[in-house]
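One structure is given below, encoded as structure tokens.
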């Protein structure tokens with residue numbers, strides 16, 4: 001095994017990192033660790049490993065950036081539907097962007113599930129390409145450097161592990177497959193549990209339109225994130241704007257004797273369903289998510305209200321990670337000059 005990795009390690013690094021950055025569930029960190037260990041013994045060049053890993057990151061990440069730029073939120077919705085990880089949903093990534101600003105691109109590769117959506121989301125938000133490549137590239141440098149450096153530092157332990165796997169023979173492969181299968185099964189169960197939370201009765205856009213004409217019209221609440229509203233400034237007329245984390249803090253705005261309808265623009269009305277669940281858990285009974293969300297309302301041809309929104313990504317606080325802040329600030333300057 002060691003001889004094969006030593007001979008084809010550079011090709012393996014490039015292919016593995018590229019496939020992972022393209023979206024396949026093939027973790028590249030173990031490959032970088034092993035190749036880093038071999039680099040410590042002089043059998044591979046650490047700089048060659050680093051350059052190839054960085055090149056693969058740039059290619060794979062740029063493809064997702066352009067997919068988000070040209071296809072917008074449709075790309076993120078697709079990723080949420082096919083992902084086994086509910087924590088990689090668009091909403092989570094948007095919340096990170098709201099809190100961390102552009103620093104999200106630097107840290108994304110270190111947060112499971114975040115990097116999947118962060119790249120196309122940056123494209124959909126029209127972050128200039130130069131800023132994206134600079135900040136995402138910095139994250140790639142830190143990620144690849146940390147993995148390769150760790151492999152070099154613990155090269156003795158990694159070598160012993162590889163020898164142990166060799167001694168186990170086919171049993172090692174069977175154990176690996178069992179671990180992978182167990183991980184996938186756990187993620188599938190987690191996804192099913194996540195979906196069960198969203199199983200609530202929905203209200204259709206036709207029913208909402210009819211109820212809106214009555215004397216005691218429903219209270220309609222837009223629970224899209226601030227970034228989501230920035231990207232799409234359309235709104236159902238009269239809707240309240242409220243973050244998902246604000247719902248329980250603003251209970252006084254939800255009359256118990258009126259229908260309350262939450263809507264969003266995410267797959268399976270996830271954010272709207274979570275908001276509805278919060279009120280149902282507090283004794284409200286006339287609460288429903290809007291089936292299809294804003295897209296369904298627009299497709300039905302009903303009236304739309306256009307509202308003012310933010311014009312840019314939130315700035316990254318320069319008090320966070322001072323060593324990185326200078327580069328993040330430079331990304332902001334590039335954005336302004338672009």
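The values are calculated or read from the model by the stated rules, or taken from the named source; none is laboratory data. In this text the structure is predicted, and so the values were computed from the model without any measurement. Backbone-built Cβ (ideal geometry, glycine too); neighbour counts: all protein chains shown.
Summary table
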item	result
Search result, residues across the stretch 1-57 that are without any contact (Cβ under 8 Å) to a residue 24 or more places away in the chain, within 31 Å of the chain's Cα centre (by Cα) and over 30 Å from residue 68 (Cβ atoms)	47
All positions within the stretch 280-291 that are farther than 22 Å from residue 193 by Cβ and assigned to a strand (DSSP E or B)	290
Selection from the stretch 248-279 of residues that are in a helix (DSSP H, G or I) and more than 28 Å from the chain's Cα centre (by Cα)	251, 252, 253
Candidates 42, 60, 68, 36, filtered to the one that is at pLDDT below 90 and touching a helix residue (DSSP H, G or I) at 6+ places or on another chain (Cβ under 8 Å)	68
Positions within the stretch 146-163 being in a helix (DSSP H, G or I) and modelled with pLDDT of 90 or more, in sequence order	146, 147, 148, 149, 150, 151, 152, 153
Members of the stretch 235-246 found to be out of contact with any strand residue (DSSP E or B) (no Cβ under 6 Å at 6 or more places or on another chain) and either at pLDDT 90 or above or surrounded by fewer than 16 Cβ atoms within 10 Å (Cβ to Cβ) (or both), listed by number	238, 245, 246
Test: residue in the stretch 132-145 that is in a helix (DSSP H, G or I), without any contact (Cβ under 8 Å) to a residue 40 or more places away in the chain, in contact with a helix residue (DSSP H, G or I) (Cβ under 6 Å, 6 or more places away or on another chain) and farther than 21 Å from residue 56 by Cβ	no
